[in-house]
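Comments concern the structure below.
The values are calculated or read from the model by the stated rules, or taken from the named source; none is laboratory data. All values reported here derive from a predicted model rather than from experimental measurement. Cβ coordinates were reconstructed from backbone atoms using ideal geometry, including for glycine residues, and neighbour counts include every protein chain displayed. SASA here: full protein model, heavy atoms, side chains in, ligands and nucleic acids out. Shrake-Rupley method; radii C 1.70, N 1.55, O 1.52, S 1.80 Å.
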Amino acid sequence: EAAFAINVPFDGPLTIAFEDLYGQARAGDADYNDFIATYRITEIANGQENAIVQVDGTATSVAKIAGFNHGFSIAIDSFTGWADLTITYPSRTFTARVASPAVIPLFPSTASTVGQTVSFSLHFDDPQPRESMDEPPYNPFLHVWNTGYDIHLIGEQALPGSRSHGRTFQ
């Protein structure tokens with residue numbers, strides 16, 4: 001079923017840094033060191049349709065300077081049908097059946113995760129044409145438990161039901 005893999009980025013992990021008061025009045029220092037993580041995505045495609053059959057990823061919690069607690073997740077926003085999700089945390093493995101958007105809670109609480117690595121695998125029931133899926137780095141985001149806001153990358157949308165829903169990230 002798998003013909004080749006595409007690593008994003010091809011030469012090592014991405015680094016992402018968040019300011020947990022982004023977009024709020026009197027937001028503080030805006031130094032983007034409240035939570036920092038690295039992650040890497042591997043898309044596995046089949047050889048016949050060049051369609052994505054699986055997405056694998058790893059993430060490492062690098063630093064948490066903020067006093068607030070967060071959840072760091074990645075959403076894969078657009079695919080059709082169902083997929084099997086497996087997340088491997090340091091002390092347990094979690095499995096679920098998911099539909100789009102697949103919200104993958106990499107670090108449900110960042111309070112004491114620095115140095116930990118989490119991996120996930122999302123295996124689609126049906127191959128996904130490349131043009132029908134969003135592209136890596138997908139939609140990584142920080143949920144700030146203390147305020148209820150989500151913080152996303154530029155151009156991404158907050159998830160429905162989020163306190164940030166309808167906000168523009170720029």
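Applying the selection to region 98-149, what residues are open to solvent by 20 Å² or more (accessible area, probe 1.4 Å), of a type outside the set (D, E, K, R), farther than 17 Å from Asp84 by Cβ and not in a loop (DSSP other than H, G, I, E, B)? Answer for region 98-149, where residues must be open to solvent by 20 Å² or more (accessible area, probe 1.4 Å), of a type outside the set (D, E, K, R), farther than 17 Å from Asp84 by Cβ and not in a loop (DSSP other than H, G, I, E, B): Thr117, Ser132, His143.
Only one of Gly57, Gly71 is of a type outside the set (A, V, I, L, M), touching a Pro at 6+ places or on another chain (Cβ under 7 Å) and either in contact (Cβ under 8 Å) with a residue 24 or more places away in the chain or within 16 Å of Arg130 (Cα to Cα) (or both). Can you tell me which?
None of the others qualify; the one that does is Gly71.
Do we have Gln170 as out of contact with any Lys or Arg (no Cβ under 9 Å at 6 or more places or on another chain), modelled with pLDDT of 95 or more and farther than 16 Å from Ile41 by Cβ here? In short, no.
The single condition among (1) within 13 Å of the chain's Cα centre (by Cα); (2) at pLDDT below 90; (3) open to solvent by 30 Å² or more (accessible area, probe 1.4 Å) that Leu159 does not meet is (3).
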